[in-house]
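Visitor: This is the structure I have questions about; it appears just below.
Just so it is clear, none of the values below were taken in a lab; they were calculated from the coordinates. The model shown is predicted, which means the values in this text are computed figures rather than measured ones. Cβ placement follows ideal geometry from the backbone for every residue including glycine, while neighbour counts extend to all protein chains displayed.
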Amino acid sequence: MTSDDRQVGLLRYSLGDDVLAFSTLRHGAGVGQGHYADFNINRYCGDDPEAVRRNRALFCQTVGVDDDRLVFPHQTHGTEVRLIDDAFFSLSADAQATTLEGVDAVMTQLHDVCVGVSTADCIPVLLYDQEHHAVCAVHAGWRGTVARIAEKAIGAMQMTFHTDPVHLCAVIGPGISMKNFEVGEEVYQTFADAGFGMSAIARRYAKWHIDLPLCNQLQLTVVGVPSSQIHQSGICTYDACDRFFSARRLGVQSGRIFSGLMLK
């Protein structure tokens, strides 16, 4: 299901011959320094702009996308889902940036357009509609997860592309594992109040721990995505901070993983 291409800094997922799905690795011919080392392409996390520019150029060359067709929302832990269509690309660069402000999921049916989300312990969810050839990348931190952004993204795909969840393939990419995601009582209670089955998703150690990858997997199955078509990467960013960025290990002034999809 996955292949680890360290030279170009990508973990690739096999969703089909006509779609590229991936998460970036920390290392792989990039130029970043310190906790941004060395393959960060996110402009919003405090990295040196020139390093980001060079890494972004390398990324675009690697996946075969033009820089102006790489779609990067500015996430706010909300549930806004944005359609990327021809009208979006008719906008000025400033108008495109405004359109992507406060967006945590991006979807498209356009070919040779790369849509993705940034994470560094949060959960990336990648969705591919095999029937209608549409994709959606979702950023699910704990706030987005508790607000059921994965379900809402699929709802948006149903409205826009007539997606039937039975034809969706999904990847739940690298993110923090339950054993490392310690939360306070208020976060635990937020999940409980939102109707999550706490016996399935939470464990009490010294404090409560919540299984965010499982929370998102359950959201997918609830709306009808077959379990056999959901791939869990099983990678904990906190434990694997040598390969993936982790804000809890490295601090918020560090790089971000970019997980995305591109229809070929």
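Visitor: With mean projected area of the Cα convex hull in nm² in mind, check (1) 16.7; (2) 12.9; (3) 15.1 and report the label derived from this structure.
Guide: Read-out from the structure maps to (2).
Visitor: Okay, moving on. At what distance in nm do the modelled label points of Gln33 and Glu101 sit from each other, each positioned 7 Å from its Cα along Cα→Cβ?
Guide: 3.1
Visitor: Quick check on the chain: of the DSSP beta bridges with both residues there, what percent are antiparallel, nearest 5%? Don't skip to the end; give the middle numbers.
Guide: Details: 40 of 52 bridges.
DSSP beta bridges in the chain are roughly 75 percent antiparallel.
Visitor: If you don't mind, another one. Rounded, prolate or oblate: which one fits the stretch 107-264, using the alpha carbon gyration tensor with axes a ≥ b ≥ c (rounded when a/c is under 1.5, else prolate when a/b beats b/c, else oblate)?
Guide: Details: a/c = 2.22, a/b = 1.38, b/c = 1.62.
Cα axes put the stretch 107-264 in the oblate bin.
Visitor: Cα to Cα, under 26 Å, and not fewer than 8 places away if on the same chain: which lysines meet these conditions relative to Lys207?
Guide: Lys179
Visitor: Normalised by the residues of the chain, what does the relative contact order come to in percent, with Cα pairs under 8 Å and at least six apart? The partial results should precede the final answer.
Guide: Working: 600 pairs, mean separation 63.6, N = 264.
Relative CO of the chain lands at 24 percent.
Visitor: How large is ³J(HN,Hα) for each residue in the stretch 252-264, as worked out from phi by the Karplus curve 6.51 cos²θ - 1.76 cosθ + 1.60 (θ = phi - 60°), to whole Hz, x for Gly and Pro?
Guide: These are the phi-based 3J(HN,Hα) values: 6, 7, 8, x, 10, 6, 10, 10, x, 9, 8, 6, 8 Hz.
Visitor: Treating cross-link reach as a plain straight distance, find the lysines whose alpha-carbon is under 25 Å from the alpha-carbon of Lys264, omitting any fewer than eight places away in the same chain.
Guide: Answer for Lys264, where 25 Å is the Cα cut-off: none of the lysines qualify.
Visitor: Can you tell me the length gained on complete extension of the stretch Gln61 to Ala206, counting 0.36 nm per residue apart and subtracting the Cα distance? Mind showing how you got there, number by number?
Guide: Numbers: separation 145, 0.36 × 145 = 52.20 nm, distance 4.67 nm.
So the chain would gain 47.5 nm between Gln61 and Ala206.
Visitor: Turning to a different aspect of this structure: Give, rounded to the nearest 20 debye, the magnitude of the charge dipole that the stretch 15-144 has about its Cα centre when Lys and Arg contribute +1 at Cβ and Asp and Glu contribute -1 at Cβ. Could you put the intermediate results ahead of the total?
Guide: Details: 8 positive and 19 negative charges, 87 e Å.
Computed charge dipole of the stretch 15-144: roughly 420 debye.
Visitor: From the phi angles alone, apply the Karplus equation (6.51, -1.76, 1.60; θ = phi - 60°) to the stretch 63-75 and give each ³J(HN,Hα) in whole Hz, x where the residue is Gly or Pro.
Guide: Each residue's phi maps through the Karplus curve to give 8, x, 10, 6, 4, 7, 10, 9, 10, 10, x, 9, 7 Hz.
Visitor: Now, a different point. Picking from Ser92, Val166, Ala120, whose Cα lies most toward the positive end of the charge dipole for the chain (charges on Cβ: Lys, Arg +1; Asp, Glu -1)?
Guide: Ala120
Visitor: Further question on the same structure: By how many nm would the segment from Met159 to Arg54 lengthen if fully extended, with 0.36 nm per residue of separation less the alpha-carbon distance? Before the final figure, lay out the partial values.
Guide: Details: separation 105, 0.36 × 105 = 37.80 nm, distance 3.77 nm.
34.0 nm is the gain from fully extending Met159 to Arg54.
Visitor: Sticking with this structure for a sec: At a Förster radius of 22 Å, what calculated FRET efficiency corresponds to the Cβ-Cβ distance of His132 and Asp17, to the nearest 0.05? Don't skip to the end; give the middle numbers.
Guide: On the way: r = 16 Å, r/R0 = 0.74.
Step by step, r from the Cβ atoms, then E = 0.85.
Visitor: Further, regarding this structure: Per-residue counts of other Cβ atoms within 10 Å, averaged by peptide: what ranking do you get for 41-49, 151-159, highest first?
Guide: Numbers: 41-49: 17.3, 151-159: 19.9.
Top to bottom by mean Cβ count within 10 Å: 151-159, 41-49.
Visitor: Here's something else I'd like to know. Pop out the ³J(HN,Hα) list for the stretch 116-130 in order, Karplus 6.51 cos²θ - 1.76 cosθ + 1.60 with θ = phi - 60°, rounded to Hz; leave Gly and Pro as x.
Guide: x, 10, 10, 9, 7, 2, 5, 9, x, 10, 10, 10, 10, 8, 5
Visitor: Let me have the relative contact order for the stretch 174-264, percent, based on Cα pairs under 8 Å that are six or more residues apart. Write out the running numbers ahead of the final one.
Guide: Values: 84 pairs, mean separation 28.2, N = 91.
The value is 31 percent.
Visitor: Could you compute the FRET efficiency for Glu185 and Val223, with r as their C-beta to C-beta distance and R0 at 41 Å, rounded to 0.05?
Guide: Numbers: r = 29 Å, r/R0 = 0.72.
In this case the efficiency is close to 0.90.
Visitor: Which percent, to the nearest 5, of DSSP beta bridges fully inside the stretch 56-163 are antiparallel? Kindly include the intermediate steps, with their values, before the conclusion.
Guide: Details: 11 of 18 bridges.
Expressed as a percentage, antiparallel bridges in the stretch 56-163 total about 60.
Visitor: Could you sort the peptides 27-35, 122-130, 177-185, 100-108 by per-residue average Cβ neighbour count (10 Å cutoff), highest mean leading? Before the final figure, lay out each step's value.
Guide: Numbers: 27-35: 17.4, 122-130: 25.1, 177-185: 15.4, 100-108: 22.1.
Listed from highest to lowest mean packing, they are 122-130, 100-108, 27-35, 177-185.
Visitor: Per DSSP helix of 4 or more residues, -39500 (n - 2.57); summed, then divided by the residues of the chain. What does that give at 222 nm, rounded to the nearest 500?
Guide: Working: 9 runs with 72 residues, N = 264.
Calculated mean residue ellipticity at 222 nm is -7500 deg cm²/dmol.
Visitor: Report the label-to-label distance for His74 and Asp112 in nanometres (one decimal), using points 7 Å from each Cα along the Cα→Cβ vector.
Guide: 2.9
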